[in-house]
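What follows is one structure encoded as structure tokens, with my remarks underneath.
Derivation of every value follows stated rules applied to the coordinates shown; laboratory data play no part. All figures in this text were calculated on a predicted structure; none of them were measured in a lab. Ideal geometry is used to build each Cβ from the backbone, glycine not excepted, and the neighbour counts take in all protein chains shown.
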Amino acid sequence: MRKDAKEYMTSVVNVIVKKYHISEIEAYKMVKKSFLYDSLIKFPDETLHDDIETNADFVYSDYMSENLLQM
């Protein structure tokens with residue numbers, strides 16, 4: 001993964017930690033399991049232009065809905 005993509009991912013993780021009071025480790029797990037991780041690897045130029053907070057919300061929402069379905 002490119003350096004700027006890693007920085008973007010770290011920024012998304014930081015938003016999730018602050019906004020949803022999730023541990024940093026759990027936030028990294030959320031991002032690694034999400035669409036965003038694959039997108040940063042395959043389409044970094046396009047993904048880096050997306051809003052960080054919006055992507056953090058999508059990652060959190062997707063992760064939480066997936067966990068609710070497993071219950």
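Residue by residue, what Karplus-based ³J(HN,Hα) values in Hz, rounded to whole numbers, does segment 45-53 have, using 6.51, -1.76 and 1.60 with θ = phi - 60° and x for Gly and Pro?
With the stated coefficients, segment 45-53 comes to 4, 6, 5, 5, 8, 6, 5, 5, 5 Hz.
Identify the residues of segment 11-49 with backbone N under 19 Å of a label point that sits 7 angstrom from the Cα of Ser65 along the Cα-to-Cβ direction, or state none.
Once the point is set 7 Å along Cα→Cβ of Ser65, 16, 20, 30-39 turn out to lie under 19 Å by backbone N, inside segment 11-49.
Kindly count the pairs of lysines across the chain whose alpha carbons are less than 20 Å apart, treating pairs on different chains or eight or more residues apart as eligible.
Lysine pair count for the chain: 19.
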